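The values are calculated or read from the model by the stated rules, or taken from the named source; none is laboratory data. All of these numbers come straight from a predicted model, not from anything done at the bench. Cβ: placed from backbone, ideal geometry, glycine included. Neighbour counts: every protein chain shown.
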Amino acid sequence: MKILPRSAFGQTVLLIGFLLFINQIVSYISFAIYVFDPHQQQINQLLAKQVRVVFIDIDDAKLSPKMAKAFHNETGIGVYREEDAVNFGLASAGLYPYRSEQMSLLLGGPAEVRISDGNEYLFWIRAPQAPHLWVKIPLSGMERGSFSPLIFFMVVIGLLSVMGGWVFVRQLNRPLKSLEIAAEDVGRGDFPEPLVERGTSEIMAVTQAFNHMSKGIKQLEDDRNLLMAGISHDLRTPLTRIRLASEMMQEQDAFLKEGIETDIDDMNNIIDQFIDYIRHDSKDKAELGDLNVLVDEVLNVERPNDRMIEFHAGDCPKIPLRHVAVRRALANLVQNALRYTTDEIEVFTGVEGEYAFFIVSDHGDGIPEADIERLFQPFTQGDTARGTEGSGLGLAIIKRIVDTHGGSVVLSNKPEGGLQAKVCLPLKF
């Protein structure tokens, strides 16, 4: 299972998020090294200087309460014996080992630092100059800050980054999406107008190459249609003359005349198949239609008087259909089924998921499994079990028609015998 996203948008957002995470870590380390640590050093030096001032020329054992009170009133700094310090808040203060180590270095001996926070931060320092006295130094402006602004800032930065990435990828993918749609149209035999060359230089180069390719394919398609039309015209003319000549043959040559006319009909059918394969009704526009009605119309035309075709109509909504092309595909399947079996033929319609389908089922000999995919190739015929008539374009024509609809055609042998052809067409084009 792949964890990383495969879309350009997902990869871009992941990259932006990763870069933001690295940026936050680097910013935090830089802030700690260049801002926070120097700031803490300055506070420690300020506290150490204030402690030294407190103990200038003061005898610890004879500390005057009046002098301590006066000093406290003037500076806010209080000096207490331990039992008094406990009553004034020392008991609720927390020990800070790192600050204690730093203060010991600054005061030249073992010192202990405790901090309590309330309306203001109170630093309790036991200095080496007077180990059984505690100095209380209040510091304002160090109140515990709220993390809400920081969280809000990070969320805003993250959203702006993601939105910026989304806009960037959307602008990058817009010409690619147009290119994708145009490529699908060309694959179905439709040739759109040349795409507007926009986007990055690489995308513009790809679009330009696609426009050139599409123009070349369209020119090739036009040349092929013109060539086939010329061949069809040139072949039908002598075939018509041969048919006229056969009509003038003597009565004793009737068997020869019948063979010639049969060969002429076969050649005309082969020419029609060539034209159908090349044309595949690319000019036929898809319109909403009822699949059941279309199937019923085809069966009414293709059903012989001496054969039975059973139609099982399912519930089908109206779907986009190229009516002429779908009629030709269904007619080819029905004709194949009639040709290769003498039993009853069944036709089904219905809906599966996002596709409507029709099935043509016969009770013939079927075809080898290894030949199923090969039979969809042009000019490919099956073995003798399914006959060797025609040009081998019937299934190729059906596949091209179904492909232009964005659907699929599947051949399968039935367990009880016979062949089943299932054509699926999308409910939405």
>> Can you pull out every residue in the stretch 1-44 that is over 36 Å from the mean Cα position of the chain (by Cα) and charged (D, E, K, R)?
In response: ASP37
> Of the residues THR349, THR380, THR341, THR388, which single one is crowded, with 18+ Cβ neighbours inside 10 Å and either in contact with a Cys (Cβ under 7 Å, 6 or more places away or on another chain) or modelled with pLDDT under 75 (or both)?
Replying inline: THR349
> Which of the residues spanning the stretch 191-220 are assigned to a helix (DSSP H, G or I) and polar (S, T, N, Q)?
Replying inline: SER201, THR207, GLN208, ASN211, SER214, GLN219
>> Being in the same structural domain as ILE367 (by TED's automatic domain parsing) and modelled with pLDDT under 90: is that true of VAL293 here?
In response: no
> Does ILE77 satisfy being touching a Phe, Trp or Tyr at 6+ places or on another chain (Cβ under 8 Å) and at pLDDT 75 or above?
Replying inline: yes
>> Considering only the stretch 130-142, I want to know if a residue exists there that is modelled with pLDDT under 80 and out of contact with any helix residue (DSSP H, G or I) (no Cβ under 9 Å at 6 or more places or on another chain).
In response: yes
> For residues in the stretch 185-225 being acidic (Asp, Glu) and in contact (Cβ under 8 Å) with a residue 12 or more places away in the chain, which is farthest from ARG6 (Cα to Cα)?
Replying inline: GLU221
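Kindly indicate whether ALA229 is aliphatic (A, V, I, L, M), under 30 Å from GLY406 (Cα atoms) and modelled with pLDDT of 80 or more.
For ALA229, the condition - aliphatic (A, V, I, L, M), under 30 Å from GLY406 (Cα atoms) and modelled with pLDDT of 80 or more - is not met.
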> Residues in the stretch 319-331: is at least one farther than 27 Å from ASP185 by Cα, at pLDDT below 90, part of a loop (DSSP other than H, G, I, E, B) and assigned by TED's automatic domain parsing to the domain that holds VAL293?
Replying inline: no
> Here are some residues: VAL53, VAL86. Which one is assigned to a helix (DSSP H, G or I), in the same structural domain as TRP134 (by TED's automatic domain parsing) and modelled with pLDDT under 80?
Replying inline: VAL53
>> What's the total number of residues in the stretch 265-289 that are surrounded by 14 or more Cβ atoms within 10 Å (Cβ to Cβ) and modelled with pLDDT of 80 or more?
In response: 1
